[in-house]
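Visitor: Structure in structure tokens, see below.
The values are calculated or read from the model by the stated rules, or taken from the named source; none is laboratory data. Nothing here was measured: the structure is a model prediction, and the numbers come from that model. Positions of Cβ are generated from backbone atoms using ideal geometry, with glycine treated the same way; all protein chains shown enter the neighbour counts. Note: accessible area is taken over every heavy atom of the protein model, side chains too, but ligands, DNA and RNA are not part of it. Shrake-Rupley method; radii C 1.70, N 1.55, O 1.52, S 1.80 Å.
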Amino acid sequence: MLQLHSVTKRYGSLIALDGISLSVARGEFFGLLGPNGAGKSTTMSLIAGLNAPDAGTLTLDGEPLTAARSQARLALGLVPQHIALYPDLTAVENLRIFGELYGLRGADLRARIDEALAAVQLADRAREPVKRFSGGMQRRLNLVAALLHRPKLLLCDEPTVGIDPQSRNAIFEYLERRNREGLTIIYSTHYMEEATRLCSRIGIIDHGKLHALGTLDELLTRLPFDEEVRFPATPGTAAFAAQLDAHGELATAGGAHRFRPRPGFKLSAFYALAESHSLAPHLFTQQRPTLEAVFLHLTGRSLRDA
Ligand code: ADP
């Protein structure tokens, strides 16, 4: 459905996007995961046509996606990172403005507004000024405002920053339902748990480059180590643990050993060694690597406060 080919975007001397290529298929829930300043919003703004790339191409259903092509813009909805609502106007009035921008009018628009407010549990607050809404309520309204014109591709740019868990969950459930109904979604976030829960495929972006792209399972295989294994630190396991030092990284805390095999040291060899020490398999728990470990491995540990 959507293709980015070698897309580059500069702000003066800063290269915000450095030759990004990716494609998103119809019906996908695609995650763009990266730390602050990685280039997520820039990517979204280029797809939404708010900005033009310095190099590279973007296509939607094979058609070039440029700011001038209003037909393609109609197929897109953007939930911006910063809430874009008129605080003195009511929820209904805000939605009417968004609908009218897309040429919606009359009974059809009224029906869509009612449906939208009900979908995010705001029907009973429809006629209140938005400035009285909590952050979570504003976020939910911001979300449905982007969907009134029934786009086929929804861009969500960090849509849950700074909201309570209930609103966050309501947004997740709403997006998951719309995705099941066929809406294609591109979702940017720096929260691993959001990408893990929501996204069928994830691109990890940092410093304007795409560092990895795949399903969660595919990304987890990007770690240079196999799964971590934990087992009790007891006199019975001491001799075995001493031998493991040669095969990987062993850490001990709280009465337990944590072992990460060195690349090439297979877990089958680990269990064979355990057996030679008469240690039964049930002593060991295998810990799956997390997306967070992959993320930190690929993007490093330096802070991004800028
Ligand atoms: P993210 O959404 O991942 O936090 P952004 O796409 O907003 O990242 O920003 C990528 C880089 O581009 C950052 O270094 C940011 O400071 C810079 N940047 C973004 N927008 C502008 C702009 N309008 N002018 C100058 N620099 C910008």
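Visitor: Could you grab me the full set of residues in region 142-167 that are open to solvent by 30 Å² or more (accessible area, probe 1.4 Å) and either under 13 Å from the mean Cα position of the chain (by Cα) or modelled with pLDDT under 90 (or both)?
Guide: Our first condition is that a residue be open to solvent by 30 Å² or more (accessible area, probe 1.4 Å); within region 142-167, this holds for 150, 152, 161-162, 164-166.
The answer is V161, G162, D164, P165, Q166.
Visitor: Would you list the helices (runs of 4 or more DSSP H) that sit entirely within region 120-204 and hold 3 or more residues that are without any contact (Cβ under 8 Å) to a residue 24 or more places away in the chain and among the charged types (D, E, K, R)?
Guide: Counting at least 3 such residues, we get 165-180.
Visitor: Right, another one. Of (1) within 16 Å of the ligand (Cβ to nearest atom); (2) over 30 Å from E128 (Cβ atoms); (3) surrounded by fewer than 16 Cβ atoms within 10 Å (Cβ to Cβ); (4) in contact (Cβ under 8 Å) with a residue 24 or more places away in the chain, G12 satisfies all except one. Which?
Guide: (4)
Visitor: To continue, here is another question. Just one of the numbered conditions (1) modelled with pLDDT of 95 or more; (2) under 19 Å from L78 (Cα atoms) is not true of K131; which one?
Guide: (2)
Visitor: Do the conditions hold for R230, that is, is it basic (K, R), at pLDDT below 90, more than 21 Å from D157 (Cα to Cα) and open to solvent by 80 Å² or more (accessible area, probe 1.4 Å)?
Guide: Taking the combined requirement at face value, the residue does not satisfy it.
Visitor: Residues that are surrounded by 14 or more Cβ atoms within 10 Å (Cβ to Cβ) and away from the ligand (no atom under 14 Å from the Cβ): list the strands (runs of 3 or more DSSP E) wholly contained in region 17-112 that include at least 3 such residues.
Guide: Fully inside region 17-112 and qualifying: 55-60.
Visitor: Could you tell me how many of the residues in region 113-138 are in contact with a Lys or Arg (Cβ under 9 Å, 6 or more places away or on another chain) and open to solvent by less than 20 Å² (accessible area, probe 1.4 Å)?
Guide: Going through region 113-138 one residue at a time, the tally reaches 6.
For every residue, the table says whether it meets (1) assigned to a helix (DSSP H, G or I); (2) without any contact (Cβ under 8 Å) to a residue 60 or more places away in the chain.
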site	(1), (2)
D245	yes, yes
T252	no, yes
R260	no, yes
F265	no, yes
A269	yes, yes
A274	yes, yes
L279	no, yes
P289	no, no
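Visitor: For R262, all conditions in the list (1) open to solvent by 70 Å² or more (accessible area, probe 1.4 Å); (2) modelled with pLDDT of 90 or more; (3) of a type in the set (K, R) hold save one; what is the number of the exception?
Guide: Every condition holds for R262 apart from (2).
Visitor: Right, something else. Does region 191-215 hold any residues that are buried (at least 18 other Cβ atoms within 10 Å of the Cβ) and within 11 Å of the chain's Cα centre (by Cα), and which are they?
Guide: Listed by number, the residues that qualify are M192, E194, A195, L198, C199, R201, I202, G203, I204, I205.
Visitor: Sticking with this one: Can you tell me which residues in region 169-180 are under 15 Å from the mean Cα position of the chain (by Cα) and surrounded by fewer than 19 Cβ atoms within 10 Å (Cβ to Cβ)?
Guide: Hits for region 169-180 are N169, F172, E173, E176.
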